[in-house]
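The values are calculated or read from the model by the stated rules, or taken from the named source; none is laboratory data. Everything quoted here is computed from the prediction, not taken from an experiment. No Cβ is skipped: glycine too gets one built from the backbone with ideal geometry, and neighbour counts run over all protein chains shown. Note: accessible area is taken over every heavy atom of the protein model, side chains too, but ligands, DNA and RNA are not part of it. Shrake-Rupley method; radii C 1.70, N 1.55, O 1.52, S 1.80 Å.
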There are 2 protein chains.
Amino acid sequence: MDSDVDGERIALLRFVERFALALREAGMAPMPARVIAFALADDADRYTAGELARGLGVSPAAISGAVRYLVHVGLLLREREPGTRSDLYVLDDRDLWSRYMTAELALLQRFVQILDGGIEAIGLDRPGGRRLAETRDFMAFLDEEMGEAVRRWPAERDRRAAARSAEASPAG
Amino acid sequence: MDSDVDGERIALLRFVERFALALREAGMAPMPARVIAFALADDADRYTAGELARGLGVSPAAISGAVRYLVHVGLLLREREPGTRSDLYVLDDRDLWSRYMTAELALLQRFVQILDGGIEAIGLDRPGGRRLAETRDFMAFLDEEMGEAVRRWPAERDRRAAARSAEASPAG
DNA sequence: AACACCGTTCACAATTTCGTGAAAGGCGCG
DNA sequence: CGCGCCTTTCACGAAATTGTGAACGGTGTT
């Protein structure tokens, strides 16, 4: 029955839309969200821009900006195979999310800077200034904690992957 | 000299815009971002909708949806003083950010659910499925780590506040 | 050296989102 | 019980964003 590849494809695209929707709620633009969702869920580990466009059924033009953003935030790597005329967008899945979170943490540091400016302008002798200071402390704390978590992730990932394969083939 | 209150007000609004811009990059809509930035930085610890509208120089209509969202995510509390006809929006600054983060963590749990569905549909025997599983593990890990960090925050906040006042009046 | 192919950029059309103004709804007060 | 104030809701106009189609640029191929 050829394991109807068409049904699998629409199931894949359905998941892509669901996942992309959640990514959008987390602040990502629609097209980058779709592209990274598709790249993750489909089976290749490297795609040309054209493959992404055909796979998602969107125009190549829409891919361009999306992959630029995704490369910028570290979710895709751009590579070039010698002797070919198209860039390859690579999922470096070992450190994918670490890199992404590291980029996200920069936003937290920006919060801290902006708040420092506000505290200086308002002064710690005012209720507003004290609240900004407390907010600043929280952002800095979160930045430290998440930075440490990201650093722990590689080891944790291996442990969970091992647990998953142990569960798949329990040896005792 | 009356410490020109007008200059202070525009300085305040300038900070509000800067802070709100960063909040927008983190995914918040413009008006809620401005409202919470203003509420934090100004000196009152409770505001009516009208005060927020006048303070920001926007229409009361714009406040309505913004405060509904902010109450929903836990950044503002709605209160009602007996014998008055307007709700009060209160900054409960002691647990403000803890509550907010807790709400944010729900999004991470949703990621995990969506990814579980995708893994089931695609299967762990395919590269895409394995990548989704790794992504799922990361989201779950981050959820746990951030949850713990949020739980540690109250104690950490007090420690940092104490350090700040010690710095302000060094006693030895 | 001209061709063919692929990705990017540009300008446009369509959708969505945002904030305002006007009308409606509650609630306390006279 | 009616009035007045404050908030909310609704519909609209404006502005920003999104994705497409067409032209452009670069690169390998014949």
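A few points about this structure:
- Residue match in segment A:76-91 (condition: within 11 Å of chain B (Cβ to nearest Cβ), in a loop (DSSP other than H, G, I, E, B), surrounded by 14 or more Cβ atoms within 10 Å (Cβ to Cβ) and in contact with a Phe, Trp or Tyr (Cβ under 9 Å, 6 or more places away or on another chain)): yes
- Residue within segment A:96-115 that is outside any helix (DSSP H, G or I), open to solvent by less than 60 Å² (accessible area, probe 1.4 Å) and within 11 Å of another protein chain (Cβ to nearest Cβ) present: no
- Residue that is most open to solvent (accessible area, probe 1.4 Å), among those in segment B:30-57 that are out of contact with any helix residue (DSSP H, G or I) (no Cβ under 7 Å at 6 or more places or on another chain) and within 14 Å of DNA strand C (Cβ to nearest atom): B:54
- Count of segment A:58-71 residues which are more than 11 Å from DNA strand C (Cβ to nearest atom) and without any contact (Cβ under 8 Å) to a residue 12 or more places away in the chain: 0
- With respect to (1) crowded, with 19+ Cβ neighbours inside 10 Å; (2) in a helix (DSSP H, G or I), the lone exception for residue B:156 is condition (1).
- The listed residue being modelled with pLDDT of 95 or more and assigned to a helix (DSSP H, G or I), out of B:147, B:65: B:147
- Of all the listed residues (A:67, A:73), the sole one being open to solvent by less than 60 Å² (accessible area, probe 1.4 Å), within 16 Å of the chain's Cα centre (by Cα), within 30 Å of residue B:36 (Cα to Cα) and more than 10 Å from every other protein chain (Cβ to nearest Cβ) is A:73.
- Residue within segment B:14-24 that is open to solvent by 60 Å² or more (accessible area, probe 1.4 Å) and near DNA strand C (Cβ under 10 Å from one of its atoms) present: yes
- Any hit, segment B:83-99, residues being on the phi < 0 side of the Ramachandran plot and over 26 Å from the mean Cα position of the chain (by Cα): yes
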